[in-house]
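The next block holds one structure in the form of structure tokens; read it before the comments.
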Amino acid sequence: MQPGYREVLLLFTAALLLSVGALLYLHLPSAPPAKLLHQRQIQQAAQQFFAAIKNHSAHYPLLSDSQQKDIATALSHLGNHSFIRRHELYAELSKILAQLGDPAAQLTDIHADHIAYPVILRPVVLQPDLRQHQPPASNPVSTPPIQPRWQISAINGELLDPAHPYLSHIDGIAIDNFIAAAKRYLPQQFHDSDKHLAQQLQLMDRLRQDIGTDSLQPPRLTLTNRTGQSVIRRLAPQRRKSLSTTTASKPPFPVNRLSWLSADTAILILGNLDTLPPHTLRTALTQRRLILDLRQVVGDPLPLLQALSKENPTIPPANQWLAAYRLQPGRTRDYLQPDHFVPTDYLALPQPAAQLSALHPYQDLPQGEKYGRQRIWLIGPHCGITCARLSYFANLWPNSRLAGHNTHGNYSRTSQHNLSAVEFSLSLSTTVFFNHRGELLSGVPVKVDMPLILKGIRRSQLLQLFHP
């Protein structure tokens with residue numbers, strides 16, 4: 001029997017409703033991940049984490065056997081938990097990741113619903129007298145026991161209490177204890193970085209849990225002034241989506257710009273080196289005194305390095321670095337060619353320095369020899385790969401001095417990994433670098449000659465940099 005008009009209409013309507021239902025299902029937001037993780041999820045996440053760092057991290061083979069064993073043991077203990085809160089697992093994995101010593105390593109929880117506090121913590125650093133750049137004198141015995149170091153303000157920049165601007169205690173516990181707890185989440189080279197410590201201190205509840213104070217209540221802050229007077233303030237929390245082991249974002253880079261501070265002193269602000277006009281570079285390098293601002297530099301540094309190397313002819317060529325990387329499917333020997341590095345055959349490290357240096361046997365660098373032209377390099381707190389490479393070589397040149405912030409030895413490309421059991425994202429360095437003598441560069445900070453807070457630095461202060 002042929003279907004009638006009514007049956008055809010009913011079938012068509014049913015098919016339409018099924019299609020609409022399927023579309024609605026596909027477009028419904030996925031359920032948020034559970035905040036309480038069970039043992040199977042914990043173990044899977046630990047296994048995925050360990051497989052990623054063991055098979056893909058270029059820093060893992062550099063660790064000693066005991067350090068590798070410590071990581072494996074910590075992950076094994078983590079898997080023994082019957083259950084754990086999501087943010088607690090994130091915290092424990094972050095601490096283990098810090099043991100790699102990889103400045104580019106990053107763990108991200110895009111589903112984090114984390115309690116943070118709407119404050120800005122910044123270190124109180126006195127600008128040194130640039131005319132007499134000497135270490136500060138020892139503190140007298142009569143110095144008050146409370147030494148204000150961290151200034152605390154609201155997001156809008158206003159101090160929480162102008163009469164008591166410094167944070168000395170949290171929940172009655174000295175701030176130094178929280179700094180020690182914060183360092184467990186940071187690679188060794190970040191332990192002296194005020195910027196990274198301030199980011200960790202902003203996550204007070206995580207540190208309060210580690211120390212053992214009552215993290216269910218808002219933190220009790222002790223604010224002081226320079227005379228030692230103090231007040232107690234309670235701080236209201238706010239929730240923040242997404243959590244990452246590195247939270248600072250890099251500002252957009254500016255255009256390259258050359259200007260003069262005086263008749264014989266120029267400043268070259270470096271933005272994208274790939275668009276740096278050759279005539280601008282030539283003009284800058286003819287100046288007797290030149291400041292090179294690297295705070296927001298990106299691009300290929302090799303042409304600039306080669307030009308500056310001509311002022312220091314006894315220094316090894318700027319492109320003679322050694323690089324080692326983890327062999328992966330699709331990763332061939334030309335992996336580092338765009339970065340102008342010389343690759344080793346395979347990452348079977350640590351190798352004897354003599355074996356590596358034999359590939360490029362240069363003599364030791366000259367001691368204290370001065371050249372006619374003076375160069376000052378400004379290093380900002382967000383020193384990326386290009387900035388780090390330039391800083392390393394500038395630190396070798398006798399006619400150059402570095403001012404600003406120490407670098408963190410971050411030169412590498414990264415690979416991305418998904419911990420699907422808990423939906424964490426993991427980023428790891430795929431490469432480690434060595435200098436012409438086979439000495440490790442990756443993860444090794446370059447220390448500036450003149451530590452300075454560069455934000456808001458004045459023209460007169462820039463000129464004083466040439467007269468330490």
The number of residues in the stretch 286-307 that are within 22 Å of S262 (Cα to Cα) and among the aliphatic types (A, V, I, L, M) is 4
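Being at pLDDT 85 or above and either assigned to a loop (DSSP other than H, G, I, E, B) or in contact with a strand residue (DSSP E or B) (Cβ under 6 Å, 6 or more places away or on another chain) (or both): is that true of R389 here?
Details: at pLDDT 85 or above: yes; either assigned to a loop (DSSP other than H, G, I, E, B) or in contact with a strand residue (DSSP E or B) (Cβ under 6 Å, 6 or more places away or on another chain) (or both): no.
Here the answer is no, as R389 does not meet what is asked.
Which ones in the stretch 215-232 are farther than 18 Å from I173 by Cβ, modelled with pLDDT of 85 or more and loosely packed, with under 15 Cβ neighbours inside 10 Å?
Step one: of the stretch 215-232, the residues farther than 18 Å from I173 by Cβ are 225-227, 229.
From what's left, modelled with pLDDT of 85 or more: 225, 229.
Across the stretch 215-232, the qualifying residue is only Q229.
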Residues in the stretch 205-214 that are farther than 9 Å from D171 by Cβ and open to solvent by less than 50 Å² (accessible area, probe 1.4 Å) total 3
For the stretch 150-202, the count of residues that are more than 24 Å from H59 (Cβ to Cβ), open to solvent by less than 30 Å² (accessible area, probe 1.4 Å), aliphatic (A, V, I, L, M) and not in a helix (DSSP H, G or I) equals 4
Of the residues in the stretch 98-108, those that are open to solvent by 10 Å² or more (accessible area, probe 1.4 Å) and outside any loop (DSSP other than H, G, I, E, B) come to A98, Q106, T108
Output for Cβ contacts, cut-off 8 Å, separation at least six or different chains, first residue at positive phi in the stretch 292-310, second among the β-branched types (V, I, T), reads G299/T275; G299/T386
For A72, the lone unmet condition from (1) surrounded by 22 or more Cβ atoms within 10 Å (Cβ to Cβ); (2) not in a loop (DSSP other than H, G, I, E, B) is (1)
Checking W260, W321 in turn, the sole residue that is among the aromatic types (F, W, Y) and at pLDDT 90 or above turns out to be W260
Out of (1) over 18 Å from the mean Cα position of the chain (by Cα); (2) aliphatic (A, V, I, L, M); (3) under 19 Å from Q199 (Cβ atoms), the one I453 does not meet is (1)
(message) Can you find a residue that is open to solvent by less than 10 Å² (accessible area, probe 1.4 Å), part of a loop (DSSP other than H, G, I, E, B), farther than 23 Å from H191 by Cβ and touching a helix residue (DSSP H, G or I) at 6+ places or on another chain (Cβ under 7 Å) anywhere in the stretch 398-414?
(response) no
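For every residue, the table says whether it meets (1) in contact with a Leu (Cβ under 9 Å, 6 or more places away or on another chain); (2) within 30 Å of N418 (Cβ to Cβ); (3) at pLDDT 90 or above; (4) of a type outside the set (F, W, Y).
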| site | (1), (2), (3), (4) |
| --- | --- |
| R122 | no, no, no, yes |
| P136 | yes, no, no, yes |
| N139 | no, no, no, yes |
| P148 | yes, no, no, yes |
| G172 | no, no, yes, yes |
Picked from the stretch 74-118 (must be out of contact with any Asp or Glu (no Cβ under 7 Å at 6 or more places or on another chain) and among the hydroxyl-bearing types (S, T, Y)), the residue modelled with the lowest pLDDT is Y117
Worksheet entry | Hey, L465 open to solvent by less than 70 Å² (accessible area, probe 1.4 Å) and touching an Asp or Glu at 6+ places or on another chain (Cβ under 8 Å) or not | no
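The values are calculated or read from the model by the stated rules, or taken from the named source; none is laboratory data. Values in this document were obtained by computation on a predicted structure and should not be read as measured data. We place every Cβ from the backbone using ideal geometry, glycine too, and count neighbours over all the protein chains shown. Accessible surface areas use protein heavy atoms only, side chains included; no ligands, DNA or RNA. Shrake-Rupley method; radii C 1.70, N 1.55, O 1.52, S 1.80 Å.
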